[in-house]
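Colleague: Can you keep this structure in mind? I'll have questions shortly.
The values are calculated or read from the model by the stated rules, or taken from the named source; none is laboratory data. Model, not experiment: these values are computed from the prediction. Cβ: placed from backbone, ideal geometry, glycine included. Neighbour counts: every protein chain shown.
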């Protein structure tokens, strides 16, 4: 018996051709152990039944394929025949590892995708590099809205935070290149500090089930993964330039990859964006311009048995906040609500003035992995992140506007070790530990009371997950995780609040010293959190499968929920956290039914998320100050229930015509107080008609319709307020959501030139085709101004 | 580490060195915590107090309306002291803004005066009083730190004083004291109960 290895190493360099039937699947079959090509392997594409043999170099090419997911059957006299699924889509490089045990071959199916799914029993929706390119000039939050069940919490047009099945902020965990982002995500106006162009793929896991990343993702997980680098001697790059009418700006992003057959690689990438004031159908949104500068570099080697990778990325953005949204108290808000147009409208400018944000984020990471024969793969990672957030307010002395009102530096060091066990008899497992140290520094030079106090936090966590394949059709997975956190903060409280909340009786040990109206305290808090998951994947046949997942997630309160106290200028409201908070615990049950076929595919995913001690921020009344009255928003804990459904479908109408549909709805209820939860995204449906042909330069035309319903379930937090200006008692309506709206978008793309060595593609995007005037419930600027009007954007995409 | 031994020596070294570097970096990071107490911030932009002094033109005692909220946006209610005004009298008014959390108290009226073009006070009342501006910014528009107030018949009601930052002084009626079209951001909004006898 030969004990030769049939480790197949397939490098599928799929030549990038639009959504058509001229795609070419090419690849190489390599014997893993000696890197020698496997000659004469039969490769069959199931469905079109196209077949070929690998040549003397192990290479093969299959032409004339349509984009889509295929099953590949690879047979070789010395190896076991196996089928695996491969998604042919643009320039996706697919890396496939084959092992000589049947059981280990199972894994190939999962790994057959360029990017591995974290879970078997929960849905993972992914944006391809082609889709990401469309949002190259935009933000992560905007791009993700394409995925059903994902919406966004916006502050104006540039700050966009993803919302997954109704939940956002600290409930969403962002894994950027394998590193958990620590970027002060607790703030509603804090967008993820990620350059969307650094991603090869972005995927969303709607829930906390992927315990290897954390146990506190009550809402879900967003994974941003780099493009796979093929193990071939090559140098390639891509450059994307786009210019837009609305905002009168442009974005340029470029990346260059050098790879070697021996596994070494280096990737350099950078992005520049600059936009001026954006416009609604009727007026300029003054001071909404932004600028972004990002760069990243990674290098290392991947020799399959072991590998090392170093990654560094820098992100810097400067974002203007709509001038008219910077207000005094409730009286100003009332004026803004009464006015059809924003109270400040100036001529278009590129200048970004206060109020504005300036954020920089450094991420450095070192990762090493090693595979142990018969055991599995050990991965060690250290990463460091530094997030520096500056927020500038309009000050009384305008010359002082250059001095930030918020100046926070958050440094995070993390170390993790994970061990992935080889699959044995259908069983596979993964265990890991993580340790994290975080330090927040709030610069006192601002002369403004700290919104977030100085603190340090230490976290330790450990998890174990396992999955078992009962047979070809049924597999199950389960896991648990434990996390310990210690928070050590120094905070100056207003003595009046400290006493009003009875903190002086509950936490006398935290009191340090009194300074006039302020009290220095030293809170030290410990949290223990357990999380767990269990799920089943049942495949009826090739086309149909059913997933069920249960997850238990525990999230400890974030610094904002614990320590907020005082006027949050950029939100024009007083926000008060609660030092007494414990963790929130979510029990989520999700089901998913999938059908996948060439003509008709769909998935239907209902879920219910029961959250105990859910932390939410809600207006509770008004407080009189020298600046007039301000709303007081207080954090409270309650029991919440979110249930909803996401639906996706894709239908092939004709050879070159396809339609795509999605619909999502979520209902959120405060079970304790028997009322609707605040800021739950309204139901929405996205429908698309796509024409694509291999002729006329891979012409692709798409028409997209987006309908967002009116949110009719919301808590009524309106209060009657006496307004001195009008000498009348008025109801300031901050609760009623805006009306439903319907937007049409248009997209077209065509190859200008295409040769063996490079391809230049031109794209035209028109969003809000009919220049519709609308406001969105989850946009904090809805009180002051309309959303964006029509936009024309031209994109030039060069691959070389 | 047992498994590594079987493999290539170089990578054993890399792995060990890597581990060492990572572990030491991690612990270095953890021990670098500065337990120093952060310095106190006294809100610089804070205005705790507004004093409106009213000097009767025909002589008599100066009246002072006082609004004081020492804990700013804290949960304590402000203290408001008013006075009884004389009927059919013209007062010369002056506004003084203070931050009394600092020692000595900071006079914030000076900042308003310095940036007079970007600020304007507005007065509204339902006690039959007439107010007029008696000062000017560099463009000849009113600021409203100084004003005149004329009472008529005996009554009671309230006087509201509003300071707007970046008002549109060229909008209709604004220089006459009509706040309707002024726009801008409210920096001060204080209401005093008024009794005219």
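Colleague: Among the residues of segment A:479-510, write down those that are within 13 Å of another protein chain (Cβ to nearest Cβ) and either over 39 Å from the mean Cα position of the chain (by Cα) or closer than 30 Å to residue A:431 by Cα (or both).
Modeller: Matches in segment A:479-510: A:486, A:487, A:488, A:495, A:496, A:499, A:500, A:502.
Colleague: A further question on this structure: Could you pull out the residue among A:487, A:506 that is out of contact with any strand residue (DSSP E or B) (no Cβ under 7 Å at 6 or more places or on another chain) and at pLDDT 95 or above?
Modeller: Answer to the check: A:506.
Colleague: Turning to a different aspect of this structure: Of A:141, A:156, A:112, A:214, which residue is over 14 Å from the mean Cα position of the chain (by Cα) and at pLDDT 85 or above?
Modeller: One residue alone meets the criteria, A:214.
Colleague: Would it be correct to say that residue B:167 is in contact with a strand residue (DSSP E or B) (Cβ under 9 Å, 6 or more places away or on another chain) and part of a loop (DSSP other than H, G, I, E, B)?
Modeller: yes
Colleague: Which numbered condition trips up residue A:734, out of (1) surrounded by fewer than 15 Cβ atoms within 10 Å (Cβ to Cβ); (2) modelled with pLDDT under 95; (3) part of a loop (DSSP other than H, G, I, E, B)?
Modeller: Of (1) surrounded by fewer than 15 Cβ atoms within 10 Å (Cβ to Cβ); (2) modelled with pLDDT under 95; (3) part of a loop (DSSP other than H, G, I, E, B), only one is false for residue A:734: (1).
Colleague: I need the strands (runs of 3 or more DSSP E) fully contained in segment A:517-584, keeping only those with at least 3 residues that are without any contact (Cβ under 8 Å) to a residue 40 or more places away in the chain.
Modeller: Per the criteria, A:518-521.
For (1) in contact with a helix residue (DSSP H, G or I) (Cβ under 9 Å, 6 or more places away or on another chain); (2) surrounded by fewer than 18 Cβ atoms within 10 Å (Cβ to Cβ); (3) more than 30 Å from residue A:429 (Cβ to Cβ), each residue gets a yes or a no:
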residue: A:312; (1), (2), (3): no, yes, yes
residue: A:327; (1), (2), (3): yes, no, yes
residue: A:330; (1), (2), (3): no, no, yes
residue: A:335; (1), (2), (3): no, no, yes
residue: A:338; (1), (2), (3): no, yes, yes
residue: A:343; (1), (2), (3): yes, no, yes
residue: A:353; (1), (2), (3): yes, yes, yes
residue: A:365; (1), (2), (3): no, no, no
residue: A:388; (1), (2), (3): no, no, yes
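Colleague: Scan B:141, B:178, B:107, B:168 and give me the residue that is surrounded by fewer than 20 Cβ atoms within 10 Å (Cβ to Cβ), within 14 Å of chain A (Cβ to nearest Cβ) and touching a helix residue (DSSP H, G or I) at 6+ places or on another chain (Cβ under 8 Å).
Modeller: Going through B:141, B:178, B:107, B:168 in turn, the sole match is B:168.
Colleague: Here's something else I'd like to know. Give just the number: which of (1) surrounded by 22 or more Cβ atoms within 10 Å (Cβ to Cβ); (2) closer than 30 Å to residue A:772 by Cβ does residue A:361 not satisfy?
Modeller: For residue A:361, the exception is condition (2).
Colleague: Given (1) more than 12 Å from the chain's Cα centre (by Cα); (2) under 17 Å from residue A:556 (Cα atoms); (3) buried (at least 23 other Cβ atoms within 10 Å of the Cβ), where does residue A:171 come up short, assuming only one miss?
Modeller: Residue A:171 satisfies all of (1) more than 12 Å from the chain's Cα centre (by Cα); (2) under 17 Å from residue A:556 (Cα atoms); (3) buried (at least 23 other Cβ atoms within 10 Å of the Cβ) except (1).
Quick grid of which residues meet (1) under 29 Å from residue A:276 (Cα atoms); (2) not in a loop (DSSP other than H, G, I, E, B):
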| residue | (1), (2) |
| --- | --- |
| A:138 | yes, no |
| A:153 | yes, yes |
| A:174 | yes, yes |
| A:182 | yes, no |
| A:185 | yes, no |
| A:207 | no, no |
| A:227 | no, no |
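Colleague: Residue check, residue A:681 against (1) surrounded by fewer than 18 Cβ atoms within 10 Å (Cβ to Cβ); (2) under 26 Å from the mean Cα position of the chain (by Cα); (3) in contact (Cβ under 8 Å) with a residue 60 or more places away in the chain, all met but one. Which one?
Modeller: (1)
Colleague: Going through segment A:420-458 one residue at a time, which ones are more than 11 Å from chain B (Cβ to nearest Cβ) and assigned to a strand (DSSP E or B)?
Modeller: Hits for segment A:420-458 are A:420, A:421, A:424, A:427, A:428, A:429, A:430, A:431, A:432, A:433.
Colleague: Taking the stated definitions as given, is residue B:70 loosely packed, with under 15 Cβ neighbours inside 10 Å, outside any strand (DSSP E or B) and within 13 Å of another protein chain (Cβ to nearest Cβ)?
Modeller: Considered against the rule, which asks whether it is loosely packed, with under 15 Cβ neighbours inside 10 Å, outside any strand (DSSP E or B) and within 13 Å of another protein chain (Cβ to nearest Cβ), residue B:70 comes out as no.
Colleague: If you go through segment A:459-471 one residue at a time, do you hit one that is more than 14 Å from every other protein chain (Cβ to nearest Cβ) and touching a helix residue (DSSP H, G or I) at 6+ places or on another chain (Cβ under 8 Å)?
Modeller: Yes, segment A:459-471 has at least one match.
Colleague: Output the residues belonging to segment A:623-654 that are more than 14 Å from chain B (Cβ to nearest Cβ) and in contact (Cβ under 8 Å) with a residue 60 or more places away in the chain.
Modeller: Selection gives A:635, A:642, A:644, A:646, A:647, A:648.
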